[in-house]
Amino acid sequence: MKKRILACLLALVMLIGVMPVMAMAAEAETDGTDGYEWIVSKSKEATALDANKESTITLSLPSAEEKLASDVVFVLDTSDCVSEVMNQVSGLVAQLKAAQEKTKADIKVGAVIFNGSSYTMFDGKLVDVATAIESLNDLSTKATSEKGVWAYFGLDKDPNYVNKGSNLHAGLRAAQKLLDSDNTVAAERKYLVSITDGMTYYWNDEQDNVYGVYSADSEHNGSNYPNLLFYAWCEAHNVSTVRATLYQLPPTFEGWDAYLESAKAMKAEDNGKYAVNIRTAKNLLGGDFASIRFSSITNLTNPNNKIPYIPADEKTQHAHGIDYSVMACLDTYQEMVKAGYQCYTLNPDYGIDTFPGLFTSKLNEMANKTVIDFNSIQNDILYAVGKGSTVEDKMGSEFKFGGLETVTLKVGTETLTDGTVSGNTITFAHDGNATAHVITYDPAEDAFTWTINENVSNFAPVQLSYKVQLDKPSTEPGDHKVLTNEYAKLTPKDSSGKDGTVQEFEKPEVTYTVDAQGNVVPGVEIFLPAFALARDEHYSYLIGYSDGTVRPNGKITRAEVATIFFRLLDDDTRAKYWSSENDFSDVSADKWYNNAVSTLSNMGVIGGYADGTFRPDAPISRAEFAKIAVSFTQNNGSATYNYFTDVKTTDWFAPYVTAAKDAGLIEGYSDGSFKPESKITRAEACAIVNRTLGRKPSKAHMKISGRIDWPDVQTTDWFYEAIMEATNSHTCTMGDRVETWTGKLPQRDWATLETGWANAYTGR
């Protein structure tokens with residue numbers, strides 16, 4: 001059976017060229033008429049109203065915010081024909097390489113080979129596609145040698161090699177470790193592709209010891225069965241004893257729920273009694289495990305061997321090796337599915353009417369996948385939606401469509417400029433397809449339909465933009481929020497023409513103000529991504545000076561502020577956006593603040609000036625600081641610009657200052673001003689940072705041993721609490737209104753931490 005699986009894949013490989021392209025692999029079937037459902041990354045955004053009360057709307061497939069990065073890990077069952085599978089896997093990786101070269105997407109590949117144990121290719125790492133192709137070709141070459149695939153790993157063979165059965169659990173565990181190791185890629189862009197016959201016999205414990213359950217029967221010598229483990233399982237589940245139908249489902253198969261419930265109950269009752277480490281078996285019985293499994297009943301039952309076995313008359317009362325392995329595989333698979341990974345299992349050797357086929361179908365069901373073949377998997381990775389997908393977009397009641405002349409289309413980095421207008425239709429050609437994208441406007445409905453006549457790549461986003469104009473503003477003085485669109489919905493298709501479930505885009509809001517004279521003042525709506533900070537740990541983030549002072553009224557530089565927020569990022573966010581490169585002419589790689597500035601610039605939290613500089617040593621203004629701080633809150637800009645007398649709607653910082661005020665991060669002065677251009681003091685910065693973190697210092701509740709006090713900070717100063725919170729690492733309990741310090745924590749060695757981050761993330 002094991003020797004057939006990858007041979008059968010060769011036939012599958014030959015069919016791929018004539019099979020229809022699957023734009024996104026099918027997932028959970030639905031009962032309705034809308035088709036099947038899969039996750040489609042998409043977004044819809046609107047710019048602020050300009051002086052003409054116009055907004056630019058952008059529809060993106062995939063989402064404009066999605067980072068073009070993917071991890072793909074293959075889990076491959078071994079056989080004499082592994083080289084043929086490697087050829088096919090190499091073909092997919094070559095397609096990924098082409099996509100990467102064209103779009104500059106970050107695509108990494110991993111591969112795991114398994115038999116009795118698992119072995120991870122590429123030195124146990126995720127590697128770039130070029131490196132993956134080279135190693136896969138090397139594996140294919142070595143697979144034809146005398147040592148076979150094991151020669152790639154410098155082995156004569158798997159030390160736990162088995163010529164019947166397999167340890168899929170070991171392969172899944174190794175793949176999970178690879179996928180978990182990369183925290184720079186979104187979970188939904190991580191792919192597991194497992195290729196196996198589904199008959200799994202063995203499993204691993206937490207120490208990666210390989211286990212099986214030994215079984216015996218006094219009535220048979222095993223001549224009609226591949227091995228004793230599977231024989232006992234077949235007998236226990238009433239599988240036919242005829243070799244030709246050995247793998248057919250038992251007529252009394254209860255279904256998965258009943259089967260697993262029974263197996264788990266028996267496993268719990270056995271309490272591991274019959275689970276044996278195969279290395280232990282080798283030591284006791286001698287030889288390799290392949291021969292041990294065919295040992296005679298007498299040998300297995302010899303008391304001197306000290307290997308427990310399931311007695312013949314009790315074989316239906318205990319969990320067998322396959323039961324253990326199936327449960328272990330399902331648990332590991334479920335962990336990856338819950339993590340959000342895209343998981344696929346391919347079984348070309350057996351149909352759904354067999355237990356191997358049923359098992360792999362169960363794995364795919366857990367991942368909400370139904371149509372599984374190699375071609376559908378590769379296209380799931382490559383494509384977001386397929387040819388024939390449509391988008392319907394209707395304007396909001398207060399807006400009118402800006403006209404087809406305002407429609408633009410961008411595919412990847414290429415802006416399509418050859419749109420042809422005919423009546424109420426505009427057509428864009430792309431890659432030799434004269435009607436790649438067709439937008440037809442219906443004046444009566446004030447809506448258009450976008451027909452997509454090419455596969456949309458996951459690595460080359462398609463963005464359709466157009467203008468709308470506010471033509472029915474309110475006459476009521478005050479602030480107003482309106483939806484730019486009544487609806488926008490996607491009807492996806494895969495390239496075989498199969499419909500997916502209709503999905504709604506978000507409805508962007510824009511704001512405006514009607515003044516006392518009835519004039520419309522455009523507002524500003526700005527997207528704030530709310531990056532995550534480490535809010536649960538109260539470590540200090542401000543350092544004093546060598547003379548023992550902290551200088552609360554001193555200025556703080558742009559580089560210092562960038563460093564504070566960089567240090568306060570949670571680990572996942574810092575890892576995801578890490579960068580040691582930037583476009584600023586005055587921030588070189590050897591500067592102490594380079595990693596902080598580069599990372600926050602990569603996040604879009606900070607920016608530079610028109611001349612290409614960052615000006616790291618310049619004091620930061622109150623407006624600039626507000627923009628940075630509000631990037632870490634769940635808040636969007638609004639049109640309420642009457643908070644401060646010196647913040648006008650036309651100021652670049654108006655939406656950020658407004659959002660920061662809405663979020664409770666900033667306060668103004670007694671005269672009603674904010675003084676946006678004034679340079680912020682160190683004390684003011686600490687007060688805003690504390691609010692951003694959700695810290696609530698109280699002078700009455702910070703009396704702990706070892707507290708750092710400052711000669712230039714008195715208890716009567718308005719900033720006393722803010723400075724103490726910023727400079728003392730501590731544990732605390734959080735109340736509704738204040739926090740209570742409970743102990744002193746060691747001050748963090750930020751320099752050492754930053755070196756560790758740089759070593760971990762640079763060059764990955």
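Residue under question is ILE5, and the condition is that it be on the phi < 0 side of the Ramachandran plot, of a type outside the set (Asp, Glu) and at pLDDT 50 or above; does it hold?
So ILE5 does not fit the description; no.
Report, by residue number, each residue of the stretch 91-117 that is within 30 Å of TRP203 (Cα to Cα) and part of a strand (DSSP E or B).
Within the stretch 91-117, LYS108, VAL109, GLY110, ALA111, VAL112, ILE113, PHE114 meet the criteria.
Part of a strand (DSSP E or B), of a type in the set (Ser, Thr, Tyr), modelled with pLDDT of 95 or more and farther than 25 Å from LEU172 by Cα, is that true of THR435?
no
Could you list all residues from the stretch 734-764 that are β-branched (Val, Ile, Thr), within 33 Å of the chain's Cα centre (by Cα) and within 28 Å of SER705 (Cα to Cα)?
Listed by number, the list holds a single entry, THR752.
Given (1) over 22 Å from LEU665 (Cβ atoms); (2) out of contact with any Lys or Arg (no Cβ under 6 Å at 6 or more places or on another chain); (3) of a type in the set (A, V, I, L, M, F, W, C), where does ILE723 come up short, assuming only one miss?
It fails just one condition, (1).
Can you confirm whether ALA384 is surrounded by fewer than 17 Cβ atoms within 10 Å (Cβ to Cβ) and either modelled with pLDDT of 80 or more or part of a loop (DSSP other than H, G, I, E, B) (or both)?
In short, no.
Residues that are modelled with pLDDT under 90 and more than 23 Å from ALA281 (Cβ to Cβ): does the stretch 165-184 have at least one?
Checking the stretch 165-184: at least one residue is modelled with pLDDT under 90 and more than 23 Å from ALA281 (Cβ to Cβ).
Can you give me the number of residues within the stretch 677-705 that are closer than 17 Å to THR549 by Cα and either in contact with a strand residue (DSSP E or B) (Cβ under 8 Å, 6 or more places away or on another chain) or surrounded by fewer than 19 Cβ atoms within 10 Å (Cβ to Cβ) (or both)?
2
Looking at the stretch 387-415, which of its residues are over 21 Å from GLU101 (Cβ atoms), without any contact (Cβ under 8 Å) to a residue 60 or more places away in the chain and assigned to a strand (DSSP E or B)?
If the condition is that a residue be over 21 Å from GLU101 (Cβ atoms), without any contact (Cβ under 8 Å) to a residue 60 or more places away in the chain and assigned to a strand (DSSP E or B), then THR408, LEU409 are the ones that fit.
Six or more apart or on different chains, Cβ under 7 Å: which pairs go from a residue in the stretch 742-764 that's outside any strand (DSSP E or B) and of a type in the set (A, V, I, L, M) to one that's at pLDDT 85 or above and surrounded by 11 or more Cβ atoms within 10 Å (Cβ to Cβ)? Could you list them?
LEU745/TYR539; LEU745/SER729; LEU745/HIS730; LEU745/THR731; ALA758/SER580; ALA758/ASN595
If we keep just the residues of the stretch 494-510 that are in a strand (DSSP E or B) and at pLDDT 85 or above, which is farthest from GLY386 (Cα to Cα)?
Looking at residues that are in a strand (DSSP E or B) and at pLDDT 85 or above, I get VAL510.
So that you can scan it fast, the table gives a plain yes or no per residue for (1) touching a helix residue (DSSP H, G or I) at 6+ places or on another chain (Cβ under 6 Å); (2) touching a residue at least 60 places away in the same chain (Cβ under 8 Å); (3) among the β-branched types (Val, Ile, Thr):
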position	(1), (2), (3)
GLY432	no, no, no
THR435	no, no, yes
GLU454	no, yes, no
ALA460	yes, yes, no
LEU464	no, yes, no
LYS467	yes, yes, no
LEU483	no, yes, no
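Regarding LYS282, is this residue part of a helix (DSSP H, G or I) and modelled with pLDDT of 80 or more?
no
The values are calculated or read from the model by the stated rules, or taken from the named source; none is laboratory data. Computed from a predicted structure; not experimentally measured. Because the Cβ atoms are built from the backbone with ideal geometry, glycine has one as well, and the counts that use them run over all protein chains shown.
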